[in-house]
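Novice: Dropping the structure in here first, questions after.
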Amino acid sequence: MEVAIGVDSHKGSLAAAAVDEVGKVIEAREFPNHPKGHDAFGAWVGAQAKERRIGIEGSLNYGAALTKHLLSCGEDVREVPASLTHAERRKKRSQGKSDLVDAVAIARVVAREADLPSARRTAQLSDLKLLVDYRDQLVRARTQVANRVHADLVSIRPGYERGIPNLQSKGQLAKVRPLRRGDHSIRAELLRRRLAELVRLDRGIATAGDEIRTAVKQAGTTLTQIPGVGPLIAAKILGEVGEVSRIRSKAAFAVMSGTAPLLASSGQTNRHRLSRGGNRQLNRALHFVAFIQSRSTPEAKAYLARQREAGKSSKEATRCLKRQLSNVVYRYLIADAGIEMVA
């Protein structure tokens, strides 16, 4: 007999329930959410049937440590979306609301839904997002420090920009150091510290980039086969999308990415306008890909030319290209996940 186990995770406790194939409750218990509690939960799980699946709501939040523990023990752990738990609980409104009631609902979802996303893959995608967000934070911090360095140089060495147009490379940074020699002012000292901070941030950005490339390779994604999509953009897309199984169609993906145009017609004028909704980070990634393709691939150039011939402006044509790229990215994502394409 196969057993489905549901876990409702909270900051200090774990509510767990085991049900059979038809959803009949076998046992329900609560455990503390700390290492000893995880060991006790593992012992309880081990006493259940050998054929078992464990579903955890919040496997990336309060249930993250338990999830990691169970995966290391070789258990089949799935992430259960809160929306499915809520829908299941509504069937039994007379039971009210409690942690154990939620655990039973989660277990029944696990028993019924065979294609719940693996918690291992969900954690992998979450780690990608964390790495990308961390690198983005470093890049923003570097930009702020570089702007301060430019402001300092304007005061210390007016006209410096003719020889140092930017501070992006090690060579450009090396040219700045001689400019403060002989200057013992506070501004010159702060400039020295900011230059050291730029070097530290550059190292952090490079390290994060290497970690992201390794993680993307381990994810086995085919997104990098799309022209204009490198490891960093692929990581951004994977991290922002998460489990693609939760997105029902390419149209829904376009809405999520903010590439689905909004109708803006009036009178005899029929047109669409830019959507500012959806995930803006994902939209930005698609915009970058569209920008690269518009300058490097014959297919994108021909598509943009046809759109402009049809009377669309350059911006409207680019938005159309992003909409097409949204379909392409969605197709690659569901192919990687082994999901059948839905129109």
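Novice: Mind checking which residues of region 40-53 are free of Cβ contacts under 8 Å to residues at least 12 places away in the same chain and surrounded by 12 or more Cβ atoms within 10 Å (Cβ to Cβ)?
Specialist: ALA40
Novice: Specify the residue that is farthest from ILE106 (Cα to Cα); the eligible residues are those in region 1-51 that are part of a strand (DSSP E or B) and polar (S, T, N, Q).
Specialist: Taking the candidates together, the pick is SER13.
Novice: Ok, one more. Could you please find all residues in region 83-116 being touching a Ser or Thr at 6+ places or on another chain (Cβ under 7 Å), at pLDDT 90 or above and not β-branched (Val, Ile, Thr)?
Specialist: If the condition is that a residue be touching a Ser or Thr at 6+ places or on another chain (Cβ under 7 Å), at pLDDT 90 or above and not β-branched (Val, Ile, Thr), then ASP102, ALA105 are the ones that fit.
Novice: Just to verify a result, which residue in region 99-118, among those that are part of a loop (DSSP other than H, G, I, E, B) and touching a residue at least 60 places away in the same chain (Cβ under 8 Å), is farthest from GLY12 (Cα to Cα)?
Specialist: ASP115
Novice: Among residues belonging to region 220-231 that are buried (at least 18 other Cβ atoms within 10 Å of the Cβ) and touching a residue at least 24 places away in the same chain (Cβ under 8 Å), point out the one that is nearest to THR122 (Cα to Cα).
Specialist: Taking the candidates together, the pick is THR221.
Novice: So, in region 73-82, of the ones that are at pLDDT below 90 and not β-branched (Val, Ile, Thr), which residue ends up surrounded by the most Cβ atoms within 10 Å (Cβ to Cβ)?
Specialist: Out of the qualifying residues, it is GLU79.
Novice: Would you check which residues across region 288-343 are over 30 Å from LYS217 (Cβ atoms) and outside any helix (DSSP H, G or I) and list them?
Specialist: The answer is ALA310, GLY311, LYS312, SER313, ALA343.
Novice: Another one. Looking at (1) in contact (Cβ under 8 Å) with a residue 12 or more places away in the chain; (2) surrounded by 13 or more Cβ atoms within 10 Å (Cβ to Cβ), which one does ASP136 not meet, given that it meets all the others?
Specialist: For ASP136, the failing item is (1).
Novice: Yes or no: THR122 crowded, with 20+ Cβ neighbours inside 10 Å, part of a helix (DSSP H, G or I) and polar (S, T, N, Q)?
Specialist: The answer is yes for THR122.
Novice: Could you grab me the full set of residues in region 117-150 that are of a type in the set (Gly, Ala, Ser) and at pLDDT 90 or above?
Specialist: Across region 117-150, the qualifying residues are ALA141, ALA146.
Novice: Another question, if that's okay. Kindly indicate whether ASP183 is under 23 Å from the mean Cα position of the chain (by Cα) and among the acidic types (Asp, Glu).
Specialist: Taking the combined requirement at face value, the residue does not satisfy it.
Novice: If you don't mind, there's one more thing I want to ask. Which residue pairs have Cβ atoms under 6 Å apart, sit 6 or more places apart or on different chains, and have a first residue in region 314-343 that is assigned by TED's automatic domain parsing to the domain that holds PHE291 and a second that is of a type in the set (D, E, K, R)?
Specialist: Sorted first by the residue in region 314-343, then by its partner, the pairs are ALA317/ARG308; ASN327/LYS250; TYR330/LYS250.
The values are calculated or read from the model by the stated rules, or taken from the named source; none is laboratory data. Treat the numbers as computed from the prediction; the structure is a model and nothing was measured. Reconstructed Cβ throughout: ideal geometry from the backbone, glycine too, with neighbour counts over all protein chains shown.
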